[in-house]
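Input: a single structure, listed below in structure tokens.
The values are calculated or read from the model by the stated rules, or taken from the named source; none is laboratory data. Please read all numbers here as calculations on a predicted model, not as lab measurements. Cβ atoms come from the backbone with ideal geometry, glycine included; neighbour counts cover every protein chain shown. Areas reflect the complete protein model, heavy atoms only, side chains present, ligands, DNA and RNA absent. Shrake-Rupley method; radii C 1.70, N 1.55, O 1.52, S 1.80 Å.
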Amino acid sequence: MRGKYPNWFVFQAARLRRAPMVARLRNLVEWQPMTSPEEGLTVVIGCMAALPDVAVMNLNLIRRMATPSLKEVVLVFDRPENQMPEGLMARIEEAKSDVPVTVLNYTEHQYEVARSIQWGWVYAWMSWSKGIAHSKTRHVLLHDLDAMPVKPDF
């Protein structure tokens, strides 16, 4: 067997250890296939509400880029709307300028499950999945919060 696991038995043991987590994550996010996707690009950024300045900085950088195919930026925050930092939405509005931005939040249940697991992979998966579910374009760029685009010809 190649890769991370030296043999089939070690692989099956890892699957068994992760089975409870996989069961908890199942059906937390879902989407339907697109019937007629729009041309263009949606950028999905998984955001941490504990680090709101990073999301605002990403919007500032994206706004300065030449991206004619960009249809929307989707910011997915890792907590419910009622737990968001005070004044963040106003700062997002200011930073986005004319860039179309949608802000999505975890549901209470999604938040509780992710918080109980406390694994960065779960937050990334859930945020990007929610963003993909929201997207209407043919292409979606899954953007890591701390991998900021700095080239204007992105």
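In deg cm²/dmol, rounded to 500, what helix-only [θ] at 222 nm does the chain give when every DSSP H run of at least 4 residues adds -39500 (n - 2.57) and the total is split over its residues?
Details: 5 runs with 64 residues, N = 154.
For the chain, the value works out to -13000 deg cm²/dmol.
Shape class for the chain: prolate, because the ratio a/c of the largest to smallest gyration tensor axis (alpha-carbon atoms, square roots of eigenvalues) is 1.5 or more and a/b beats b/c.
Taking amide H atoms as placed 1.01 Å from N in the peptide plane, the amide H of THR137 lies under 5 Å from those of GLU38, each 5 or more residues away in sequence or on another chain. The H on the amide N of VAL101, modeled in the peptide plane, is under 5 Å from the matching H of VAL73, each at least 5 residues off or on a different chain.
Find the accessible area per residue for region 65-107; the probe is 1.4 Å, ligands and nucleic acids are left out, and the unit is Å².
Working: 2250 Å² over 43 residues.
Accessible area per residue, region 65-107: 52 Å².
Taking a point 7 Å from the Cα of GLN83 along the Cα-to-Cβ direction, the residues of region 120-144 with backbone N closer than 14 Å to it are 123.
Checking every one of the GluC sites (Glu not before Pro) in region 82-146 against DSSP loop status and a limit of 10 other Cβ atoms within 10 Å picks out GLU86. The accessible area of TYR5, taken with all protein chains in place and a 1.4 Å probe, comes to roughly 40 Å².
Top to bottom by accessible area (1.4 Å), largest first, where do MET84, MET126 land?
Details: MET84 40, MET126 0 Å².
Descending accessible area places them as MET84, MET126.
Ranking HIS143, HIS109 from most to least accessible surface, computed with a 1.4 Å probe over the protein chains only, gives HIS109, HIS143.
Across region 73-80, rounded Karplus estimates of 3J(HN,Hα) from the backbone phi angles (6.51 cos²θ - 1.76 cosθ + 1.60, θ = phi - 60°) give 10, 10, 9, 10, 8, 7, 7, x Hz, Gly and Pro being marked x. Using a simple spin-label model with pseudo-atoms 7 Å out from Cα toward Cβ, ILE132 and HIS109 lie 2.0 nm apart.
What's the carbon and sulfur percent of the chain's accessible surface, probe 1.4 angstrom, rounded to a whole number? Numbers along the way, then the final one.
Values: 5320 of 9580 Å².
Carbon with sulfur: 56 percent of the solvent-accessible area.
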